[in-house]
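Below is one structure; the comments refer to it alone.
The values are calculated or read from the model by the stated rules, or taken from the named source; none is laboratory data. The model shown is predicted, which means the values in this text are computed figures rather than measured ones. Note that each Cβ is placed from the backbone with ideal geometry, even for glycine, and that neighbours are counted across all protein chains shown. The area values use the complete protein model at the heavy-atom level, side chains included, leaving out ligands, DNA and RNA. Shrake-Rupley method; radii C 1.70, N 1.55, O 1.52, S 1.80 Å.
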Amino acid sequence: MIRTFSEIHDAILKEKPRRLAVAAAADTDVLTAVKMAVDRKLAGAVLVGDEAKIRQIAADLDFNLNASGVEVMNEPDGALAARKAVAMVSSGEAHLLMKGLVGTADLLRAVLDKEQGLRTGRLLSHVGLLQPEGYDRLFYLTDGGMNIAPNLAQKVDIINNAVDMAHLLDNPQPKVACLAAVEVVNPDMPATLDAAALTMMSQRGQFKGCIVDGPLALDNAVSVEASRHKGINSPAAGQADILMVPEIESGNVIYKAMVYFGHVKSAGVIVGARTPIVLTSRADTPESKLNSMAVAVLMAARKK
């Protein structure tokens, strides 16, 4: 099982090369991360956007595009750049998509286009990957970046998306904790009702390649000691790999608290499309952007 981002980087070097299509690539932070990935031979790239600005930023970064084999496609309009980048992935000219200086709505509109998009029929969802110190595994936090208040059916897709991602990263049987404020079912707390329903679905074989359990509070999901103190006997208690939050606010807060207060190494990827989508925040560090690209590249390389 892959346990660190360094192991993800190493695993990429054993796979066939993959190429990113970057939509609206004329952005210093984005090109910094792309340069890091290209220099480390983690991926190739085609940069779609305002060519003059892309080349100027690349020159400022001492990023020799020609020597690196990086292609530039001129398209100054952000929405059109998104459509062209998606079309390249859809046609097989590139293997995965990365968001540059373009609105998320414009990018997702292109991704969901019925003719040239990357839709699969499954809900798109965000998975944040976290590597906290003192643990022997990566944690998959979902969905703190895309779906605001998912219903039960949407949570099924969110779990399946994260499980697929875990499988591609060598975790064949991830444990999914459905998080809530408490570990008992409370009719006044809808998150606990959904968690109980998802647990029952798992027990009846409606999820494949994973174990789903809940409701579990965060401490009970990640700490064996905490779960023992509370007398919780659960297959995921203290051993969860995937942390499914009830709604976007709690997921967003957990993710950012881990990054800013805990200085935890992180990555973020949109899953559920035909290929992974690297969709990072402008506030993300270059290392986080690189890790996000690496996760998506390895997933694309291994996806059948």
- Message: I need the full set of residues from segment 100-122 which are in contact (Cβ under 8 Å) with a residue 40 or more places away in the chain and either within 20 Å of Ser281 (Cβ to Cβ) or of a type in the set (Asp, Glu) (or both), in order please.
- Response: Gly100, Leu101, Val102, Thr104, Leu107, Ala110, Val111
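Does Ala59 satisfy the condition of being assigned to a helix (DSSP H, G or I) and either surrounded by 17 or more Cβ atoms within 10 Å (Cβ to Cβ) or at pLDDT 95 or above (or both)?
Yes: the conditions hold for Ala59.
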- Item | Positions within segment 13-37 being within 20 Å of the chain's Cα centre (by Cα), of a type outside the set (Ser, Thr, Tyr) and not in a loop (DSSP other than H, G, I, E, B), in sequence order | Arg19, Leu20, Ala21, Val22, Ala23, Asp29, Val30, Leu31, Ala33, Val34, Met36, Ala37
- Task: May I ask you to list the residues in segment 200-222 that are outside any helix (DSSP H, G or I), crowded, with 18+ Cβ neighbours inside 10 Å and not charged (D, E, K, R)?
- Result: Phe207, Cys210, Ile211, Val212, Gly214, Pro215, Leu216, Ala217
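Of the residues Gly78, Gly144, Gly49, which single one is at pLDDT 95 or above and touching a helix residue (DSSP H, G or I) at 6+ places or on another chain (Cβ under 9 Å)? Steps first, please.
Numbers: Gly78 fails: at pLDDT 95 or above; Gly144 fails: at pLDDT 95 or above.
Result: Gly49 is the single residue among Gly78, Gly144, Gly49 that is at pLDDT 95 or above and touching a helix residue (DSSP H, G or I) at 6+ places or on another chain (Cβ under 9 Å).
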- Message: Can you confirm whether Ala177 is modelled with pLDDT of 95 or more, hydrophobic (A, V, I, L, M, F, W, C) and in a loop (DSSP other than H, G, I, E, B)?
- Response: no
- Scope segment 157-192; condition within 27 Å of Phe5 (Cα to Cα) and either basic (Lys, Arg) or open to solvent by 20 Å² or more (accessible area, probe 1.4 Å) (or both); matching residues: Asp157, Asn160, Asp164, His167, Leu168, Asp170, Pro172, Gln173, Lys175
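Is segment 226-242 home to any residue that is open to solvent by 50 Å² or more (accessible area, probe 1.4 Å) and outside any loop (DSSP other than H, G, I, E, B)? It would help to see each step written out before you state the result.
To start, the set of residues in segment 226-242 that are open to solvent by 50 Å² or more (accessible area, probe 1.4 Å) comprises 228-231, 233, 235, 239.
Subsequent filtering for residues that are outside any loop (DSSP other than H, G, I, E, B) retains 228-229.
Checked against the condition, which is being open to solvent by 50 Å² or more (accessible area, probe 1.4 Å) and outside any loop (DSSP other than H, G, I, E, B), segment 226-242 yields at least one hit.
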- Of all residues in segment 42-56, which are buried (at least 19 other Cβ atoms within 10 Å of the Cβ) and of a type outside the set (Gly, Ala, Ser)? Leu42, Val46, Leu47, Val48, Asp50, Ile54
- Message: So Pro187 passes all but one of these: (1) in contact with a Leu (Cβ under 9 Å, 6 or more places away or on another chain); (2) in contact (Cβ under 8 Å) with a residue 24 or more places away in the chain; (3) part of a loop (DSSP other than H, G, I, E, B). Which condition number does it fail?
- Response: (2)
- Item | Selected residue (only one of Val295, Val253, Val269, Val259 is open to solvent by less than 10 Å² (accessible area, probe 1.4 Å) and part of a helix (DSSP H, G or I)) | Val295
